[in-house]
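The values are calculated or read from the model by the stated rules, or taken from the named source; none is laboratory data. As the structure is a computational prediction, the values presented were derived from the model and not from experiment. Don't worry about glycine lacking a Cβ; one is built from the backbone with ideal geometry, like all the others, and counts go over all protein chains shown. For accessibility, only protein heavy atoms count, side chains too; no ligands or nucleic acids. Shrake-Rupley method; radii C 1.70, N 1.55, O 1.52, S 1.80 Å.
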Amino acid sequence: MRPLVGIQVGAISFVDEGVEGVLDVAQKAEVNALFVATQAFDRGLQGRQILGRPHPGHGPDGPDDHWGGSYVQQHGEFYRGTVLEPFPAADREVQGFDVLESVLPSARDRGMKVFSFILENSHSGLTKNVPNWPKVLQHDAWGRSDMYACMRNPEYINWWLSLVEDQVKSYALDGIMFGSERNGPLGNVLENGGFARDGKPYCFCPHCVSAGERRGIDSRRAAEGYIKLHELARGGDDSKAPGDSSFVRFLRLLLTYPEIMAWEQLWHEGYEELQKRIYGTVKFLNPQVQVGWHVWHHNSFSPLYRAQMDFTKIADYSDFIKPVMYNNCAGYRLHAHINEVKQSIFRGVDDQTIYDLYRQTLGYEEAIAFDDLPAQGLSTDYVRRETARALGGIGGKASVYPGLDVNVPTPPHVKQTGPAEIADSITSALDAGADGIILSRKYSEMSLENLEAVGQTLRGRAL
Ligand SMILES: [Zn+2]
């Protein structure tokens, strides 16, 4: 069977280059499935090429007006009774443009599938423009409203279910891909949760506290433990236990407050519950519509997050998964991740030792100097190994479409995607048995040269 060849593309690209123009380029890359960004507050999915980055050879070379929200027409009847309402994107370039309505007919004519890509990310802070958003925010361990919405807040859950129902009923979609690039309180404190996060522990809102108490977890002990962990992770208690490393004190805290680990898992189960509600909602409305998940890159760096993203369990509520395997930028991102944990629980341990521990526990063979990671990236063999690992976990219950790195933006000293790199990563994913691939992060960043290489590679395999 022909593999699915997907591409992620934001609304602005169709406006800038015309629907037919984008589809012409995509078809030259043998793309047969569009993952159209329909809901996002995140520049990783929407917007033009990031300013200062090399022009990709298509699209305008200039700034854009990014506000985030919905890039399709929303219908009020689906949102009745929810505190959050329809929120159309105010981006100047896409006013009056419904990306699904505009793209679906042409995509159908060309035999291309259309998936709606919905991203839950809100670390841009643009959600502050959405009326009533403060009412769905998490509560941190000190009881303050947090920067992010709570996935157990019924109003927030209902908003996503409204949005999904609206899209499934209003557009003839082949599928929905939902993504959330967030982690639980333990990951957030120890690893700072990746880019643009604040390292605070959460969520202690009434909904999460009730869920915790139903599981027999003492929420006050959990909050107390997390406040101590937050202090430890920032070196605030170094003087109190001289002689014991931060890692030893971290273990001591886990032994004293087992609620820390329990609250972390409670948070993660909240995300799983939201995913299961979305999956079941779509299947209730139209069983033909495929439901899958963007599994963010953190899964490649954090053993804690990887332990939670158990593909054998995820398979039960998935038609497909897209595990991110951006090998070129992975070195840079793993380097940054190690630098985070070095400052929290591995203070005093040298970089190379932490990196070697991580790469071996994660199953990476890149035995290189730690500081060479950004420039070298991870190999395409990482793509092969991670594809095989995902397929093994999913066990044939869902399709696996690795997300591949096509010009994912990084600073100039970092390994960049070229035609040879993308050809190798496609070959690695498909040779490992992937059901398809998804070119990422977004079309507006991808160079024409690399997209041509994608087409050549796939045509070469077909022969
Ligand atoms: Zn909560």
For the stretch 142-266, state what percent of all Cα-Cα pairs lands in each successive 10 Å bin, counting from 0 Å until the bin that includes the largest distance. 12, 36, 29, 15, 6, 2, 0
With every protein chain in place, the stretch 162-277: carbon and sulfur % of accessible area (1.4 Å): 54 percent
How many percent of DSSP beta bridges within the chain run antiparallel, rounded to 5? 10 percent
Sum of -39500 (n - 2.57) over DSSP H runs of 4+, divided by residues of the chain (222 nm, nearest 500): -13500 deg cm²/dmol
Need the list of lysines near K28 for cross-linking: C-alpha distance under 23 angstrom, and skip anything on the same chain fewer than eight residues off. K113, K322, K442
Estimated D of the stretch 5-50 in µm² per second, where Rh is the Kirkwood radius over Cα pairs and Stokes-Einstein applies at 25 °C, 0.890 mPa s: 225 µm²/s
How many percent of the accessible area of the stretch 292-433 is carbon or sulfur, using a 1.4 Å probe? 52 percent
The stretch 317-463 shape via C-alpha gyration tensor axes, a/c threshold 1.5: oblate
Accessible area per residue for the chain in Å², computed with a 1.4 Å probe and the full protein assembly in place, what is it? 38 Å²
Rounded to whole Å, sorted largest first: equivalent-ellipsoid semi-axes of the chain, Cα gyration tensor: 35, 28, 20
GluC sites (Glu not before Pro), restricted to the stretch 310-392: which are DSSP loop and have at most 15 other Cβ atoms within 10 Å? E365
Cα-based Rg of the stretch 305-367 normalised by 2.2 N^0.38 Å, two decimals: 1.35
Sites matching chymotrypsin sites (Phe, Trp or Tyr not before Pro) across the stretch 168-253 that sit in DSSP coil, with at most 15 neighbouring C-beta atoms within 10 Å: F195
Given unit charges at Cβ for Lys, Arg (+) and Asp, Glu (-), the dipole magnitude of the chain about its Cα centre in debye, nearest 20, is 920 debye
With the label point 7 Å along the Cα-to-beta-carbon line of M1 and a cut-off under 19 Å to each amide N, the hits in the stretch 242-283 are 283
Between the residues A453, Q308, V31, the Cα farthest towards the positive end of the dipole of the chain, that dipole coming from +1 and -1 charges on the beta-carbon of Lys, Arg, Asp and Glu, is from Q308
What trypsin sites (Lys or Arg not before Pro) does the stretch 316-424 have in DSSP loop regions with at most 15 other beta carbons within 10 Å? K397
From the residues S344, L274, P258, which one has its Cα farthest along the dipole of the stretch 252-347 in the positive direction, the dipole being from +1 and -1 charges on Cβ of Lys/Arg and Asp/Glu about the Cα centre? S344
